[in-house]
1. Looking only at the range 57-103, count every residue that is assigned to a loop (DSSP other than H, G, I, E, B) and within 13 Å of the chain's Cα centre (by Cα) and tell me the total.
2. What residue, of G81, G99, G24, is at pLDDT below 90 and either surrounded by 14 or more Cβ atoms within 10 Å (Cβ to Cβ) or touching a strand residue (DSSP E or B) at 6+ places or on another chain (Cβ under 7 Å) (or both)?
3. Could you grab the pairs with beta carbons closer than 8 Å, sequence gap of 6+ or different chains, first residue in the range 19-39 and among the hydroxyl-bearing types (S, T, Y), second one at pLDDT 60 or above and part of a loop (DSSP other than H, G, I, E, B)?
4. Considering only the range 66-97, state which residues are without any contact (Cβ under 8 Å) to a residue 40 or more places away in the chain and hydrophobic (A, V, I, L, M, F, W, C).
Amino acid sequence: MNAGQQDKVSPFIDEPKALAAPTGACDNREMLNIASLVIGAIALVLAVFAFIPLLGWANWVIVPFAVVGFALGAMSNSNAGRNLNIVVIVVGVVRLMLGGGII
């Protein structure tokens, strides 16, 4: 290098990149899918419980719970959580229709 030329390399080589995108193993969209799967699994267990005669009214709580899981799954980058919650919603709505909405 000539004496008149300055090195254009930053003096702070190991400078942290505060605004860089996260490079971790999980990002927010993957976490939304995991949350959707957890909500769907809980709703599915409760939906099986609601198949017992005279407990069909529990589907009035289970279906909106699964709708929240569906919304989280729709925002994620995977389809597994969304699909699980669709199954739970369909099972709950069919059970409500068969029981007349109460039984």
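1. 4
2. G99
3. Here the result reads S36/S76, each pair linking the range 19-39 to a residue that is at pLDDT 60 or above and part of a loop (DSSP other than H, G, I, E, B).
4. A66, V67, V68, F70, A71, A74, I86, I89, V90, V93, V94, M97
The values are calculated or read from the model by the stated rules, or taken from the named source; none is laboratory data. Since we're looking at a predicted model, the values are computed, not measured. Cβ: placed from backbone, ideal geometry, glycine included. Neighbour counts: every protein chain shown.
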